[in-house]
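Reviewing the structure listed below.
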Amino acid sequence: MSTEVQPRAAAAGRVQIAERTLRQDRWWLQPLITFAVLGAFVVYSTFRAFWGRYYYDDHSHLLSPLYSPCLSDRCGTAPHFSWFPTWTYIATPAIWVLIFPLGLRLSCYYYRKAYYRSFWFSPPACAVSEPHKGYSGETRFPLVMQNVHRWFFWFGLLFVGILTFDAVESFRQGASGQWGHMGLGSVILIVDALLLGLYTISCHSCRHIFGGRLRNFSKHPVRYRLWSWVTVLNAKHMQFAWVSLVFVALTDLYVWLVTANVFSDPRFF
Ligand code: FES
């Protein structure tokens, strides 16, 4: 009796299937939703970044996260960098600020998967053929540049600190900048900083910082403990990525409406 198995034919190349996919489910739904939400965020944030108005409210001391840290002299009594070189005025302050959070999100391992699928169809979903002929992964320029993510992670941490500072600043009120006030805007800024913090701390690079390059954990109990905590958060990284992204846009919208006097920030005390 012959026991010979014949894996060679399969190993020689991909199985030739005429259909684009054999999947019966609605595999296209997730890339479609990703395309719609990411696309809407890109359109909204680009519009706001180029507009250069309604990003700081003098009375309630609310600063939009898209314009934080404030690089112009339009932030009233709030700490700002009005010494920023004048040649930078060729673009709004948000354009300079957004380089960093955008770099973090664009090179994020989760977002890569999301936009490779929904914008480049590479592939659009598991077990669905892609329109591209070749595949070189992220081994060549420009995609090899995605490796900068490990550096953008540190900028992400810095921005968590900056947004926390902005949230604390919103406890001031009026032109005098008197402390001891809190409004709905303060709560929104706090939640925004918290969500960005969860998104950043749950980053794959952060997990690697604590648990990577170790032969065993037994000699590094502190790093093991930190790695374990980050691992729990890391499992939710996709959710943090979406919620924090949408909340940034909503926070900016809130500051815009308050600054444009559509309504005033309700104060709790
Ligand atoms: Fe998403 Fe690092 S993997 S922020």
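Accessible surface computed residue by residue for region 160-229, with neighbouring protein chains in place and a 1.4 Å probe, gives 56 Å² per residue. Segment Val168..Asn147, full-extension length gain: 4.2 nm, with 0.36 nm per residue of separation and the alpha-carbon distance subtracted.
Where the only charges are on Cβ atoms (+1 Lys, Arg; -1 Asp, Glu), what is the dipole of region 52-147 about its Cα centre, to the nearest 20 debye?
Magnitude of the dipole: close to 420 debye.
The coefficient of translational diffusion for region 120-237, derived via Stokes-Einstein from the alpha carbon Kirkwood radius under 20 °C and 1.002 mPa s, stands at 120 µm²/s. Computed about its Cα centre, the charge dipole of the chain is approximately 1180 debye, with only Lys, Arg, Asp and Glu carrying charge at their Cβ.
Think of the chain as having a plus end and a minus end, set by charges on the Cβ of Lys, Arg, Asp and Glu; of Phe153, Thr86, Tyr224, Tyr224 sits farthest toward the positive end of this dipole. Among the chymotrypsin sites (Phe, Trp or Tyr not before Pro) within region 51-82, those in coil by DSSP and having at most 15 neighbouring Cβ atoms inside 10 Å are Phe81. Indicate the gyration tensor shape class of region 168-269 (rounded, prolate or oblate), computed on the Cα atoms with a ≥ b ≥ c the square roots of the eigenvalues: a/c under 1.5 is rounded; otherwise a/b larger than b/c is prolate and the rest oblate. Verdict is prolate for region 168-269.
How much FRET efficiency would the formula 1/(1 + (r/R0)^6) give for Trp83 and Ser129, where r is the Cβ-Cβ distance and R0 is 45 Å, rounded to 0.05? Calculated transfer efficiency: 0.25.
The calculated FRET efficiency for the pair Ala18 and Trp51, based on their C-beta separation and a Förster distance of 51 Å, comes to about 0.55.
Label zone of Ser122 (point 7 Å out along Cα→Cβ, amide N under 20 Å): in region 137-164 this covers 137-150.
Ranked highest first by average number of other Cβ atoms within 10 Å, how do 197-205, 228-236 line up? Don't skip to the end; give the middle numbers.
Details: 197-205: 21.6, 228-236: 14.2.
Most protected by this proxy first, the peptides run 197-205, 228-236.
Shown here: the chain, whose C-alpha atoms stretch 93, 49, 39 Å along the first, second and third principal axes, sorted largest to smallest. Efficiency by 1/(1 + (r/R0)^6): what FRET value for Phe100 and Leu257, r their Cβ-Cβ distance, R0 = 25 Å, to the nearest 0.05? That pair, Phe100 with Leu257, gives E of 0.45. Here is the short version for the chain: Cys108, Cys126 have no other Cys C-beta closer than 4.7 Å.
Measuring nothing but protein heavy atoms, the accessible surface of the chain at 1.4 Å probe radius is 67 percent carbon and sulfur. For region 104-174, the Cα gyration tensor yields ellipsoid semi-axes of 37, 15, 7 Å (square root of five times each eigenvalue, largest first, whole Å).
A simple count of charges around Glu130, restricted to other residues whose Cβ falls under 11 Å of its Cβ and scoring Lys, Arg +1 and Asp, Glu -1, yields +3.
Across the options Phe269, Leu163, Ala127, the greatest Cα extent toward the positive end of the charge dipole of region 120-269 (unit charges at beta carbon of Lys, Arg, Asp, Glu) belongs to Ala127. For the pair Arg140 and Val43, label points projected 7 Å from Cα toward Cβ lie 3.4 nm apart. Let me know the shape class of region 225-269, please: from the alpha-carbon gyration tensor, a ≥ b ≥ c as square roots of the eigenvalues, rounded when a/c is under 1.5, otherwise prolate if a/b is greater than b/c, or oblate. Since a/c reaches 1.5 and a/b is larger than b/c, the shape of region 225-269 is classed as prolate. Working note: Karplus 6.51/-1.76/1.60 with θ = phi - 60° gives region 17-23 the couplings 10, 5, 5, 5, 7, 9, 5 Hz, where Gly and Pro are set to x.
The values are calculated or read from the model by the stated rules, or taken from the named source; none is laboratory data. Values in this document were obtained by computation on a predicted structure and should not be read as measured data. For neighbour counting, all protein chains shown are included, and Cβ atoms are generated from backbone atoms with ideal geometry for every residue, glycine included. Surface areas here come from the heavy atoms of the whole protein model, side chains and all, with no ligands, DNA or RNA. Shrake-Rupley method; radii C 1.70, N 1.55, O 1.52, S 1.80 Å.
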